[in-house]
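One structure is given here, and the rest of the page talks about it.
The values are calculated or read from the model by the stated rules, or taken from the named source; none is laboratory data. Since the structure is predicted, the reported quantities are computational estimates derived from the model, not experimental observations. All Cβ positions, even for glycine, are placed from backbone atoms using ideal geometry, and neighbour counts span all protein chains on display. For the accessible areas, the whole protein counts, side chains as well, though only heavy atoms, and no ligand, DNA or RNA atoms are used. Shrake-Rupley method; radii C 1.70, N 1.55, O 1.52, S 1.80 Å.
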Amino acid sequence: MSEQDSKKTKPLSRRDFLKLLGAGGTAVAFAPFVPWGNFMPNPSTASLEKAPVILPDGTQANLKTFPINHSEVITYPKTGDRVLDGEAFRKWQFIRLPEELGGTKDDISSFRAYSMICLHLWCLWKYWPQEGRKRGECPCHGSMYNPVTGTAFAGPASLQAPPSNTLPQLNFETDTDGFMYISPVTWGVNANGVVGYGRFVK
Amino acid sequence: MAVSLSRRTGTVAFINWIWDGLDRTIFTSIKFSFPARFVSPFGFLGMLTFITFIILGVSGALLMFYYEPIIDRAWDSVAFINDEVPFGFHIRNIHYHGSNAMVLLAILHMYYQFFSGRYKIRNEILWVTGIILGTVTILEAFTGYDIIFSERAELAISIAASLTNSIPIAGPTIRDAMFGSGFHDFVLRFYAQHVFILPVVMLGLMAVHFPRFLVFDVPMVMAISGAILITGGVFPIDLGFKFEPTVPPGITVPEWYLTGLYAFLRTQYDKFVTGVLWPGLFILSLLLVPFIDRYKKFSWKDRPIITAFGITGIAQIMVTTYWGFYIPSDTTIPLVERLVIDPVYLYSVMIIMVPMSFGFSYMMIHLAKDAERKAKLAKDKGPKKVAKIELSEKWINWVIVALIAFMVFLNIAAYNAALTGMNNLSIFFAGLILIVFAGLFHVYRYGMNQANIPPPPPAPLQQEKLKALAEQPASTQMKELPDSTAAKSQKELPKNAPKETAPQIKAESSGHSLKRESNLGTSDVKKL
């Protein structure tokens, strides 16, 4: 009887209050372990500063000597660790455009660098300089990329909604001798793009 | 001699003490039976799957001694295992083909349970855990072939990571947490998942999934192991090309259990829908089958819609599996045209297969029922004889001796092949040895059964009957024996009749109550 009375006067019974305390105590006890989840991701610590364009043969790319309608694989950002630098996420197709697409000018406008990670299922695409191709092609599902803009024009990647239809890119600087450098990079869909995700075309 | 065997010596007492002590463990609730005669392997495909799991555990643990899960060393370490380490080729091939065997056995196991309606009668939990276990098995196999880090493995990893990344909202976080941020992490973490996390999950699921009745059939286990080795010898697995980030890979397709999924990915449709949602839907529908199936009967013939549902699934899996593999070899066609599967074409074929499979299933059910009815009608008229191979004690011994001699020869051949560097021949012979052992064990247990059957009591009244039997032309039972022996044993039969008739006239005693005991397994020792 008395219990019923107390229920009317107090909205919270003693039992419910205890349960609440128990739940609260449990939550507080395990709260410090939530940020421990940061153990799992392993974010890259490489600094995104200006870096020379180093070709696979070890020399620095020079816009006066680099052949027209040709591509090489470059690494950015470099960590100095041979193993980590071998990673596909750090690989970029460094392309000098063919003549008809404006690759003859000896300035940075004839050069492009796009992430080699295809935006569809993260295979590695490659630039094909052959007559009739002159485009980036992914061997996995056939996505094709326009070398001028980095936007997919055929295949599954072209059907993905922006920003996932345009490859992330690097911008260049050059010194008076024509040696090329990669400008500092900001990862973001409105900046240089996100590797494996894409970039909005401005 | 009999005395020393029957007395409990120190060692035997110790073993018995352990055996009795097991009464207090979890193992008492599991009833192991070691069949004393041939039983259809369809009934214990799950046990065979578990055996391949053990084989994979052992061979995988051995590979761990040499494998290095680092992107630029993974492929080289596998190449070292394959080419340099003594018998590394063997272990790697056992591990690779064992994984295929395990996936295949798990799929067969599932479909056998599906069509025989075993997921009913409160077996729903077994079924559901089995489906999850099967999914984890495929993930385990998938992570395994990824960490070689060949070109194909790299593409497989990239597809797995990007599919995870494509899950709405939580995807990138899951990918970051589970796989890490780059390929260096992917390889290392796929390795951690392959050798520890997923196997532990599987063991946990197995603890729930194991039924209380287990059949351990030595010949079939040996035959499966031998088949894995023989496949390794005939189709030794290659290393693929080492992945070089500066050299984009060529066209590759995944392992056979994933090409079905790959066909859907190749339709250009959204990667989350085709790569995550469709397989998820397939797994979900299998999970729900026992709750959808409201038929009161078990046989596939009595559950037409469920049977047709299963047949549809199998037909679609087979078609997409082939389709996923198929890439036109004409290199003049642009890559995108070779690789992309027209979604309208693929999905309309998938839809057309539904009525086709339903029609096929109903036709098969109709034919099977018709055949059943006819068999019932003809039951009284037709011959009742079942073809049997009946061997006398002497011949059982000779067969076993011959098989042992053959195994000795194969041992020499296998070792010689390994010495001369013919690794695949060596693993082939090793597999053959296991298969021969399977046969030997079967003949052995058959002989033991025969020896267990007590000779029928001497019955002088039977003499006439036996004589009549002996004078018959070679009966169907004798056909397997060489002619001369058959004739000889026929002649000898009347003389030795009271002692040695048992094997020859087994058909007569088939209803004998003593004969039933020969089917008891070792586990029944406890009961007796």
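A few remarks follow.
- Each residue in the stretch B:233-271 was checked for being assigned to a helix (DSSP H, G or I) and either surrounded by fewer than 17 Cβ atoms within 10 Å (Cβ to Cβ) or at positive phi (or both), and 1 of them qualify.
- Some residue of the stretch B:333-356 being under 24 Å from B:I121 (Cα atoms) and either within 14 Å of chain A (Cβ to nearest Cβ) or surrounded by 14 or more Cβ atoms within 10 Å (Cβ to Cβ) (or both): no
- Scanning the stretch A:145-164 for residues that are open to solvent by less than 30 Å² (accessible area, probe 1.4 Å) and assigned to a loop (DSSP other than H, G, I, E, B), we see that the one that is nearest to the other protein chains (Cβ to nearest Cβ) is A:G155.
- Residue count, the stretch B:118-136 (criterion: open to solvent by 50 Å² or more (accessible area, probe 1.4 Å) and free of Cβ contacts under 8 Å to residues at least 40 places away in the same chain): 2
- Residue match in the stretch B:50-73 (condition: closer than 18 Å to B:F149 by Cα, open to solvent by less than 30 Å² (accessible area, probe 1.4 Å), within 14 Å of chain A (Cβ to nearest Cβ) and at pLDDT 90 or above): yes
- For the stretch B:221-251, the set of residues classified as among the β-branched types (V, I, T) and under 25 Å from B:G134 (Cα atoms) consists of B:V221, B:I224, B:I228, B:I230, B:T231, B:I237, listed by residue number.
- Among the numbered conditions (1) of a type in the set (G, A, S); (2) open to solvent by 40 Å² or more (accessible area, probe 1.4 Å); (3) over 27 Å from B:F179 (Cα atoms), the only one that B:G88 does not meet is (2).
- Residue pairs meeting the criteria (Cβ under 7 Å; at least 6 apart or on separate chains; first closer than 16 Å to B:T274 by Cβ, in the stretch A:109-129; second open to solvent by less than 10 Å² (accessible area, probe 1.4 Å) and of a type in the set (V, I, T)): none
- B:D185 vs. criteria part of a helix (DSSP H, G or I), farther than 24 Å from B:H109 by Cα and touching a helix residue (DSSP H, G or I) at 6+ places or on another chain (Cβ under 7 Å): yes
- One residue from A:G142, A:G136 being facing another protein chain (nearest Cβ under 7 Å) and touching a Gly at 6+ places or on another chain (Cβ under 9 Å): A:G142
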